[in-house]
Each structure stands twice: as structure tokens, then as C-alpha cells.
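Working notes, structure below.
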Amino acid sequence: MKKGMLAAICLQVLLLNLTLTYADELSGIRKAADSGECVVMHEGRKEPAVALTASAYNIPAYDKQNTLKLISTFLAHGCSIEEPDSAGMSPVNVAVLQAEPGLLRFMLKAGANPSVRISGSRAWANGKNSIEFAKLLNKVSPSEQRMEVITILKSN
């Protein structure tokens with residue numbers, strides 16, 4: 001009984017810590033959105049606000065709709081929907097990498113160009129557009145979400 005209670009308390013503390021860690025990571029993004037900045041410092045690098053915010057979309061402790069609102073705020077300030085992050089991933093390719101159909105639809109509706117080719121630190125992805133990238137990822141790690149991403153890209 002005591003071990004079960006202790007384990008439950010440890011799990012709650014761990015989950016709270018995880019949530020607070022993610023909240024701290026997102027505070028810089030929220031601050032940049034509030035001030036209209038299009039670049040955010042993250043792990044010692046300047047990252048484009050839209051691409052960095054897109055990468056936060058699948059954080060379990062953060063609401064996806066709030067992430068989309070932050071992206072909308074950055075776009076309203078004139079931030080680029082195409083500028084890749086330091087790894088060469090544009091926001092639309094972040095959605096492809098994460099296999100997030102909802103984020104992908106949002107990015108495409110906002111005007112993201114899936115034809116832009118990847119150029120960055122991931123040699124295996126360099127030179128690929130979004131559909132080629134999605135097909136490669138699905139070949140390596142197939143899933144229903146990845147197939148949905150491919151379907152969305154084909155229909156765009």
C-alpha cells in the first residue's frame with residue numbers, strides 16, 4: 001500500500017515537473033509573440049519564431065490550439081511561414097516530421113509552400129520537398145498519421 005502511494009506521488013511530481021519544464025520552454029515563445037519578434041533564442045541559437053513554435057505543437061503538456069494561436073500571432077506580425085529552423089526545417093516540414101496532420105493543414109492554409117526543398121543539418125533529408133520528405137519518413141516509420149500527411153500534401 002505504501003509503495004503504491006509513494007509511486008503515485010512520485011509520478012505526480014514527475015508529471016508536474018515535466019509540465020513546468022515545457023511551460024518554461026514556451027515562455028520565450030509567448031514573450032516573442034507578445035512583442036512581435038520573429039526570432040526567439042532557444043538553446044543558445046536564434047530560431048525563426050514560426051518554425052520554433054511549430055515544433056512545440058506536439059508537446060503533450062501544451063494545448064495544440066494555443067500553439068496555433070501563437071503561430072497566427074507571429075504571422076500577423078509579419079513573421080515568415082517559410083523560414084527554416086537551424087536544422088533546415090521549414091514550419092511545414094516540422095509538421096511533416098512530427099506527422100501532425102492538423103498542424104500541416106494549418107500551415108498550408110496559412111500559405112506555406114510544400115515545394116520548398118530542405119537544406120540543413122540532416123543530410124538524409126536535404127534536397128527533398130515536403131511530399132518526398134513525408135514519403136521517406138513513412139517508409140522508415142510507417143503510421144496512419146504519416147499516410148494522412150502524404151494524402152494532405154498530394155491534395156494540395
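Rule-based calculations on the coordinates, nothing more; no lab input. Note that the structure is a prediction, hence the values are computed from the model and not measured. For neighbour counting, all protein chains shown are included, and Cβ atoms are generated from backbone atoms with ideal geometry for every residue, glycine included.
Looking at the range 110-130, can you tell me whether even one residue there is within 16 Å of the chain's Cα centre (by Cα), of a type in the set (Val, Ile, Thr), closer than 26 Å to Gly36 by Cα and surrounded by 20 or more Cβ atoms within 10 Å (Cβ to Cβ)?
no
In the range 28-69, how many are out of contact with any Phe, Trp or Tyr (no Cβ under 9 Å at 6 or more places or on another chain), among the charged types (D, E, K, R) and in a loop (DSSP other than H, G, I, E, B)?
2
Got a number for residues in the range 125-145 being in contact with a Leu (Cβ under 8 Å, 6 or more places away or on another chain) and either among the β-branched types (Val, Ile, Thr) or farther than 12 Å from Gly88 by Cα (or both)?
We begin by selecting, within the range 125-145, every residue in contact with a Leu (Cβ under 8 Å, 6 or more places away or on another chain); these are 125, 128, 130-131, 133-134, 137.
Filter once more, so that each one left must be either among the β-branched types (Val, Ile, Thr) or farther than 12 Å from Gly88 by Cα (or both): 130-131, 133-134, 137.
Result for the range 125-145: 5.
I'd like to verify a number: residues in the range 70-87 that are assigned to a helix (DSSP H, G or I), free of Cβ contacts under 8 Å to residues at least 40 places away in the same chain and under 13 Å from the mean Cα position of the chain (by Cα), how many?
The first filter runs over the range 70-87 and keeps only residues assigned to a helix (DSSP H, G or I), leaving 70-76.
From what is left, the residues that are free of Cβ contacts under 8 Å to residues at least 40 places away in the same chain are 71-72, 75-76.
Then keep just the ones that are under 13 Å from the mean Cα position of the chain (by Cα); that gives 71.
Selection size over the range 70-87: 1.
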